[in-house]
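Novice: Input: one structure, supplied below.
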Amino acid sequence: MLNLKRIYLQFSKKNFKFLNISSCFIADIFVAAYIYILYTDPKLYEDYLSTTAKMMEQVDKASASMMKDPVFQKQIVDLMIQSAITLICIYLIIHLFIYLFRFYDKKFADGYLKFYCWTAGVLMPIVALWDFSNPLVLMFMIPGIILLFNAFGFKYQRQMKEE
């Protein structure tokens, strides 16, 4: 830990803030890309709808026939994809506001990013190692390590030079 302290104390508070904001934003891009890749695939929803239609045939044939309608399926798939994109945008916009507040040294943004760096810094590598065979999930290793580096840096933030 002593070597890490020396590394962190080479940063000025301004540079650490920039590193903190930029690395969190990069992690957000990784998360948004993962969600986009995973949840905007129409095949995912088409498979789900066909499985649902098969199950509904046992309960209500009229509802099952509606579920098999290609126009209805397209509308549901489009709705799900648009919902995923909307949630990604909301997530990114909220975090951009948090980063703006961090830039202006607001305490709640500092606390939020400490929590974000610790939780994402620990959980992202765990998720990456959990499913080591999936290259899509392995991409969480990089931002996870960077966020963990940030998380440890918050401990030395008060000792950093002002500049």
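Novice: Pick out the long, greasy-scoring helices in the chain: whole DSSP H runs spanning 20 Å or more along their own axis by Cα, mean Kyte-Doolittle at least -1.0.
Specialist: Numbers: long enough: 13-39 (38 Å, 0.95); 42-57 (23 Å, -0.72); 70-103 (49 Å, 1.46); 107-130 (34 Å, 0.87).
Correct list, ordered by number: 13-39, 42-57, 70-103, 107-130.
Novice: Roll a 1.4 Å probe over the protein chains and send me the accessible area per residue for the chain in Å².
Specialist: Numbers: 10640 Å² over 163 residues.
Value for the chain: 65 Å² per residue.
Novice: Just checking my list (i) 17.9; (ii) 18.5; (iii) 16.4 against Kirkwood radius over Cα pairs in Å computed from this structure; which label fits?
Specialist: (ii)
Novice: Please compute the net charge surrounding Leu49, taking Lys and Arg as +1 and Asp and Glu as -1 over other residues with Cβ under 15 Å from its Cβ. Write out the running numbers ahead of the final one.
Specialist: Values: positive: Lys43, Lys54, Lys68, Lys74; negative: Asp41, Glu46, Asp47, Glu57, Asp69, Asp78.
Net charge in that neighbourhood comes out at -2.
Novice: Ok, one more. Measure off, as a whole percent, the carbon and sulfur share of the 1.4 Å-probe accessible area of the chain, all protein chains present.
Specialist: Roughly 70 percent, rounded to a whole number.
Novice: Can I ask one more? What relative contact order, as a whole-number percentage, does the chain give when Cα pairs under 8 Å and 6 or more residues apart are counted? Present the calculation step by step, with values, prior to reporting the outcome.
Specialist: Details: 138 pairs, mean separation 60.9, N = 163.
Worked out over the chain, it gives 37 percent.
Novice: Then there's this: Would you list which aspartates and glutamates come within 15 Å of Lys14, measuring only between C-alpha atoms, while excluding same-chain residues fewer than 8 positions from it?
Specialist: Within the straight-line limit of under 15 Å, Lys14 reaches these aspartates and glutamates: Asp105, Asp110, Glu162, Glu163.
The values are calculated or read from the model by the stated rules, or taken from the named source; none is laboratory data. Since we're looking at a predicted model, the values are computed, not measured. Here Cβ is always computed from backbone atoms with ideal geometry, including for glycine, and neighbour counts include all displayed protein chains. Ligands, DNA and RNA are excluded from the accessible area calculation, which covers all protein heavy atoms including side chains. Shrake-Rupley method; radii C 1.70, N 1.55, O 1.52, S 1.80 Å.
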